[in-house]
Amino acid sequence: MKRTMTNPRTILAIFHDIVAAAFAWAVAYLLRFNFSIPPDFASEMLATLGWVVMLQVSVFVSFGLYRGVWRFASVSDLKRIFLAVSSAAVLLAAFFFMLKTDVVIPRSVLVLDPLLLILLMGGSRFAYRAWKEHVLYGTTLRQGEPVIVLGAGEAAIALVKDLARSTQWRVVALLDDDLTMQGREIFGVKVRGTIEQLASVSRYLSVKYVIVAMPSVHHQKRREAIELANALELEVMTVPAIDDLMSGKVSVSQIRKVDVEDLLGRDAVKLDSSGLQMLIDQKVVMVSGAGGSIGSELCRQIVKYQPNILVCLDISEFSLYQLEQELSALNLPTKLIYLTSDIKNSAQMNHILVQYKPSVVFHAAAYKHVPMMENGNVWEALSNNVIGTHTIAKACKDNDVAKFVLISTDKAVNPTNVMGASKRLAEMVCQGLQGETGTRFVIVRFGNVLGSSGSVIPKFREQIAKGGPITITHPEITRYFMSIPEAAQLVMQAGLMGKGGEIFVLDMGEPVKIADLALDMIRLSGFSADEIKIEYVGLRPGEKLYEELLADDEQTMPTPHEKLRIAQARTANLSWVNNLLVWIEGLHGAHEAQMKLELSGWVEEYSPQVLSSIDAHMPVSARHVTVH
C-alpha cells in the first residue's frame, strides 16, 4: 500500500479527488441558495471546507479507491466510489452533530454534496478511460481489418470488448438470431441482423472476415454458421471452446482459423461431477497406456478431480516423458507417478498394484492400428490386447482394486480385422473375470477420436500441405467421430456408473463420410477440389466400409446419462477365459492364416473374408479414382 501511495499517478488521483471534494462542497451550497449564498453561510462553508475534504479523502483511502487504474475503470470501481462517498457522508453528518458547534450546515447540503461528489469522481474516471481508449485505439482501429462477429452472447460481448484494444481487427457488426438483440449496440457495435443476413451485411460493409463467437450453442448451429460463411468465400475464424474458456486456459480474444474439428464438433458432455469427485478425490488412480491419445486425456481429466496419486503407466518412455513435461508444468497438488512397464508382465503388474493400491484402473493400453496388426503382427495383437488385458485385469482382481475400466472400440463389433477381434476378446475376458464380489469390470466402447495419432485428419492435413492428393480407401467409407476430451469424460462417467460386467456404448452421433470430411478440409485450407485432388486407393487389409457400435445379436438399454447406453452382449465365463489364454499362448510361431482361421472360432462375429469380398465387388475404376 505504501508503494501505491507514493506512485505519481496515485498522488495525482488523490489531488483530483481533493479538488472534486472541495468543488462539490461549494456547489452544494450554491445550489442550496440558488447561487446567492448569504455571507454567514459563505463563511461557514469556507470554515468547514478543510475538515470536510480531510475526512472524505481519508475515507476514500481506507476504501482502496486508489488501488485501481483509471484507464480500466469499471462498474466495480463505480460501486466502490458510491460506498466510499456514502460512508463519508454519514460520518460527516455524525461528525458535525457530535461537535455541537454554532456552525449550521443546511441538511440539503449534506444530501447534495455526496451526489455531486459521486458524479464528479465517477464521471472523471470513465471520461478518462474513454479518452485513453480513443487516443490508443481510435486512430489505429479505423485501420484494422473490418470483421463481423456471429453471435451476441457472453462470448461475443467479451470478444468485442477485447478486440476494442486490437490494432489488427475492427468489429463493424454483430449478427445474432435472437430477435430481442436486433438493433441493439454492444460497446458501440450494432447488431445488424440475423446470421442468415450475413451475405447482405458483409457485402454492404465490404467485409472479408467473420468470427464465429458461439462456443456454447448447439454444434449443428455453429456448423451451419461456418458453412454459410464458407459458401460466401469469407475467411472464417472462431473463438476457443467453451471448456477452455471456463477453465481459464485461454481467453476469448485468442481467435483462430476454423478447423475441421469445429465442423465435427459435438455438444458438451454433462458429467456427474459430485459422483466423479467421490470416485477420484483423494484416491489413487492408475491409467495404463497413459502416453497415448486417450490415456493422456484421461490423465488430464482425472487430475481435475484431485486424486491423491495418479499412476501413469506406459511401455513407451518417450510418450511418458511428453506427458510428464505437460503435467509437471501445471503445479498440481496430485502426486504423479510415471512408470514404464509392459502390461503382459504379471509380476510387475502385481508389484505396482501392491505398492500403490489404486482404487480405479483405466486400461487404455492396446495395439490399435488395424492394417499393421492385420499382417505380420497377428500374434502380437492377440498377446498384447488379450493376454495383456487379462494380466492387468487379473492383477487388479487379486489386489482388490475397486474398479477396472477397459477402453474398447467400435471395431470389436462384427470385427473384420484382427485388431477388432482381439478387442472383442478383451471385452469377454473382463466379463469372464467378473465375480459376484470384488473388482467391478466396466467396458466402454466407442469409435474414432478427433486428432488422435491414428486419425485420418492429421494425415489429410499433411497431404494438403504437400499439395495433394488426398488418399481415401473407398468413396463410401464412413466413420464415427468424437473429440478426445469428450471420449475421456464419457469413459470416466461410464466408470462411475458401472456395476460390473457391462459394456457401455457411447453415443457417437451420426457417421461421417470420409470423402465429405476430406472436401471440408480442402475448403477450410483455402483450396478447391480442383486444386487438391482426392484419390481412392481401395480398402486396406482388415478395413471395412463402416463401423458399428453394436453386434447384430446385441440389444442396448438406456442409462441415466443421455450419451451412454448399455449393450446386452454375449458374455464368457472363467473357464472359457482360461482356455482362450492357452490357445493364444499355443499360437506363437504359427502361420498367420491359421491364426485368423482359428480366431473365428473364438469370436463368432469375426468375418476375416468380408473385407476382401467387398473390395472384390468394388469396380476396378473405383479403387484408383481421382475426384476433381
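Here are the numbers for the structure shown:
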| item | result |
| --- | --- |
| Region 590-606, subset part of a loop (DSSP other than H, G, I, E, B) and under 44 Å from the mean Cα position of the chain (by Cα), residue surrounded by the most Cβ atoms within 10 Å (Cβ to Cβ) | Tyr606 |
| Conditions (1) open to solvent by less than 40 Å² (accessible area, probe 1.4 Å); (2) touching an Asp or Glu at 6+ places or on another chain (Cβ under 9 Å); (3) over 26 Å from Ser525 (Cβ atoms); number of the one not met by Ile457 | (3) |
| The listed residue being closer than 26 Å to Gln493 by Cβ, under 32 Å from the mean Cα position of the chain (by Cα) and either surrounded by 24 or more Cβ atoms within 10 Å (Cβ to Cβ) or not β-branched (Val, Ile, Thr) (or both), out of Ala364, Ala395 | Ala364 |
| Per-region count, region 369-389, residues farther than 16 Å from Val287 by Cβ and under 34 Å from the mean Cα position of the chain (by Cα) | 9 |
| Count of residues meeting criterion [crowded, with 18+ Cβ neighbours inside 10 Å and assigned to a helix (DSSP H, G or I)] in region 398-411 | 2 |
| When residues of region 183-208 are limited to those that are assigned to a strand (DSSP E or B) and free of Cβ contacts under 8 Å to residues at least 24 places away in the same chain, the one surrounded by the most Cβ atoms within 10 Å (Cβ to Cβ) | Arg192 |
| First in region 36-58 and free of Cβ contacts under 8 Å to residues at least 12 places away in the same chain, second anywhere and crowded, with 18+ Cβ neighbours inside 10 Å and assigned to a helix (DSSP H, G or I), Cβ under 8 Å, 6 or more apart | Ile37/Tyr29; Ile37/Met45 |
| Residue ID - nearest to Val413 (Cα to Cα), chosen from residues in region 490-507 that are open to solvent by 10 Å² or more (accessible area, probe 1.4 Å) and touching a helix residue (DSSP H, G or I) at 6+ places or on another chain (Cβ under 6 Å) | Gly501 |
| Qualifying positions in region 97-123 - open to solvent by 30 Å² or more (accessible area, probe 1.4 Å), over 20 Å from Thr48 (Cβ atoms) and either touching a Cys at 6+ places or on another chain (Cβ under 8 Å) or at pLDDT below 85 (or both) | Gly123 |
| Test set (1) at pLDDT below 80; (2) surrounded by fewer than 18 Cβ atoms within 10 Å (Cβ to Cβ) - Thr437 fails condition number | (1) |
| Qualifying residue in region 522-540 (condition: modelled with pLDDT under 85 and within 27 Å of Gly388 (Cα to Cα)) | yes |
| Residues satisfying the stated conditions in region 209-227, i.e. without any contact (Cβ under 8 Å) to a residue 60 or more places away in the chain and either crowded, with 18+ Cβ neighbours inside 10 Å or closer than 25 Å to Asp162 by Cβ (or both) | His218, His219, Lys221, Arg222, Arg223, Ile226 |
| Tally of residues being in a helix (DSSP H, G or I) and open to solvent by less than 40 Å² (accessible area, probe 1.4 Å) across region 297-340 | 10 |
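Yes or no, residue by residue, for (1) at pLDDT below 85; (2) in a helix (DSSP H, G or I):
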{"residue": "Thr10", "(1), (2)": "yes, yes"}
{"residue": "Tyr29", "(1), (2)": "no, yes"}
{"residue": "Val52", "(1), (2)": "no, yes"}
{"residue": "Val59", "(1), (2)": "no, yes"}
{"residue": "Leu65", "(1), (2)": "yes, no"}
{"residue": "Leu83", "(1), (2)": "no, yes"}
{"residue": "Ala88", "(1), (2)": "no, yes"}
{"residue": "Phe95", "(1), (2)": "yes, yes"}
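The values are calculated or read from the model by the stated rules, or taken from the named source; none is laboratory data. For clarity, every value in this text was computed on a predicted model and none was experimentally measured. A quick note on method: Cβ atoms are made from the backbone with ideal geometry, for glycine too, and the neighbour counts reach across all protein chains shown. Remember, those area values only see protein heavy atoms, side chains included, never the ligands or the DNA or RNA. Shrake-Rupley method; radii C 1.70, N 1.55, O 1.52, S 1.80 Å.
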